[in-house]
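Student: Sharing a structure with you now.
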Amino acid sequence: MNLATAPQAYKESAVLTAPPERLVVMLYDGAIRFLRQGKAMMSEGRIEETNKRLQRGEAIIDHLLATLDMEAGGELAERLQAIYLYSRRHLTEARVKRDPERIENVIRWLSELRDAWARIAGA
C-alpha cells in the first residue's frame with residue numbers, strides 16, 4: 001500500500017470492522033458534515049454546491065430511514081422514522097426558501113441523535 005491510499009484504506013477498515021452502533025454514529029457524522037457544508041454554501045449563495053451537499057446528507061438520512069426495523073424497533077423506530085421524515089421535509093423547505101436556519105435545525109436534531117448513539121456505542 002502506498003502512502004497516498006493509506007487514509008482511504010484506514011477508513012474502509014474502520015467501517016468494515018465497526019460494530020453496528022458505531023456505524024450508526026459514523027452515518028450521523030457524515031450527514032451532519034454534509035449538512036454543515038450545505039448550510040455554509042447556502043449562506044454564500046452557492047446554490048449548486050449547496051444542493052450537492054444537501055443531497056449527500058439526505059442520502060444518509062434516507063439510508064438511516066430505510067434500515068429501520070419497524071417490527072423489532074417498536075416505538076423507538078416509529079419516533080426515529082418521524083424525525084427522519086420531518087428532517088427531509090425541513091431540508092426541502094430550506095432549499096425552496098433558501099433558509100440556512102432550517103438546515104441548522106436538522107443538524108441540531110441529528111447531533112442529538114448522534115450523541116445518544118455514541119453513548120450506546122461507548123464512543
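No value in this document is a laboratory result; all are computed from the given coordinates. The structure displayed is predicted, hence computed values, not measured ones. Every residue, glycine among them, receives a Cβ derived from its backbone with ideal geometry; neighbour counts consider all protein chains shown.
Student: Evaluate the charge dipole of the chain about its Cα centre and quote only its size in Debye, nearest 20, assuming +1 on the Cβ of each Lys and Arg and -1 on the Cβ of each Asp and Glu.
Tutor: 460 debye
Student: Can you sort 65, 113 from fewest to most other Cβ atoms within 10 Å of each residue's own Cβ?
Tutor: 65, 113
Student: For residue 98 and residue 59, compute 0.36 nm times the residue count separating them, minus their Cα-Cα distance, and round to one decimal in nm.
Tutor: 12.1 nm
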